[in-house]
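Bear in mind that the values in this text are calculations on the coordinates, not laboratory data. Note that the structure is a prediction, hence the values are computed from the model and not measured. Because the Cβ atoms are built from the backbone with ideal geometry, glycine has one as well, and the counts that use them run over all protein chains shown.
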Amino acid sequence: MIVLKLGGSVICDKSRPFAIRYTVLNRIAMEVARFLQEEKKAKLIIIHGGGSFGHYVVYEYFKNKGVLDIDALVTIEYSMLELSVTIASHMIAAGVPVSLITPHGIAGFNLDNSLRIYTEWIERLLEIGTIPLLYGDAVISRNGAIKILSGDVLAWELAHKLQADKLLFATSVDGVYTSNPERPGAELLSVVRLSEINKFSYDKSSKFDVTGGMFVKLKEGIGRIRPGMKVYIFNGLRNNEVYKALKDKPSKGTVIIP
Ligand code: IP8
């Protein structure tokens, strides 16, 4: 089974609120469709990030109110659902039979901050041949606190719990760099060992990013990666790269190992 996480900065222009990159989305939908035509038995889950929808709304609530209240919860949920419906419609139009699942209905946090996801119906949906589509969302914890569940965390957790063979992170950069890739001297790493990630220094990926960008993507793998799970971080803005990663042949990128 494969878990594919489409980064929010791949499907959206994160420098502008509510801006979807329709051309990229179309292309990726076609690449996934091509893969599924070739690999008819493949089991795939797609997860997408908050892009300039979720991150922007959370950022605005924090800026104006300092906390996430019920109004924030339902507005974040709604804006993420809007983004996801657009992604679902492009996928379905390309022939990718996605089944859209709202994460706040099946996931939340325990009091110790561990994530709890009800996965039974995701597994059934996979078995009958649909492609479950989920996303980073606003969820609640057992004491009613409102929290942001990053799509990266969701991707790692589902890959771990459902024993995925492959976890693919399509991002807007070529992989993991030694520091923020916009800084001079940052070098692309072909392999990253999760036990060594504290060596790197990262800034947030953009002004609106509320879940921590690349560092969180890596950190959340600790304890969730298992030997034999192939984990790639690659550039989903490059043509055919999602297809190639699905086929196990990304042309450039970073392999993550325990
Ligand atoms: O972009 C964040 O998901 P991510 C989701 O995968 C929200 O970290 C609601 C900001």
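Ordering Leu83, Leu167, Leu68 by the number of other Cβ atoms within 10 Å of each residue's own Cβ, fewest first, gives Leu68, Leu83, Leu167. With both residues required to sit in segment 1-156, DSSP beta bridges show an antiparallel share near 40%. With 19 Å as the limit, the listed pairs Lys5/Lys161; Lys5/Lys166; Lys63/Lys217; Lys199/Lys247; Lys43/Lys230 have Lys63/Lys217; Lys199/Lys247 beyond it between alpha carbons.
Fewest-first ordering of Met214, Met1 by other beta carbons within 10 Å of each residue's beta carbon gives Met1, Met214. Only Cα pairs under 8 Å and 6+ residues apart enter the sum, and on that basis the relative contact order of segment 48-156 stands at 31 percent. Fewest-first ordering of Lys219, Lys249 by other beta carbons within 10 Å of each residue's beta carbon gives Lys249, Lys219. The phi-based Karplus calculation (6.51 cos²θ - 1.76 cosθ + 1.60; θ = phi - 60°) puts the 3J(HN,Hα) values of segment 94-99 at 7, x, 9, x, 6, 10 Hz, whole numbers, x for Gly and Pro.
If R0 is taken as 25 Å, the Cβ-Cβ distance between Leu188 and Asp13 corresponds to a FRET efficiency of 0.60. When each of the peptides 237-244, 170-177, 70-77 is scored by the mean number of other C-beta atoms lying within 10 Å of its residues, the order from highest to lowest reads 170-177, 237-244, 70-77.
Sorting 29-37, 41-49 by their mean Cβ neighbour count within 10 Å, with the most densely packed peptide first, gives 41-49, 29-37. One decimal place: the segment Asn113-Val85 gains 7.2 nm when fully extended, by the rule 0.36 nm per residue minus the C-alpha distance.
Contact order, relative form, for the chain: 24 percent (alpha carbon pairs under 8 Å, 6 or more residues apart, mean separation divided by residue count). Sequentially through segment 52-66, phi angles give Karplus couplings (6.51, -1.76, 1.60; θ = phi - 60°) of 8, 9, x, 5, 5, 5, 4, 4, 5, 5, 4, 5, 8, 10, x Hz, Gly and Pro residues having no value and appearing as x. Dipole of the chain computed with +1 at Lys/Arg Cβ and -1 at Asp/Glu Cβ about the Cα centre; of Leu83, Ile140, Val3, farthest Cα towards the positive end is Val3.
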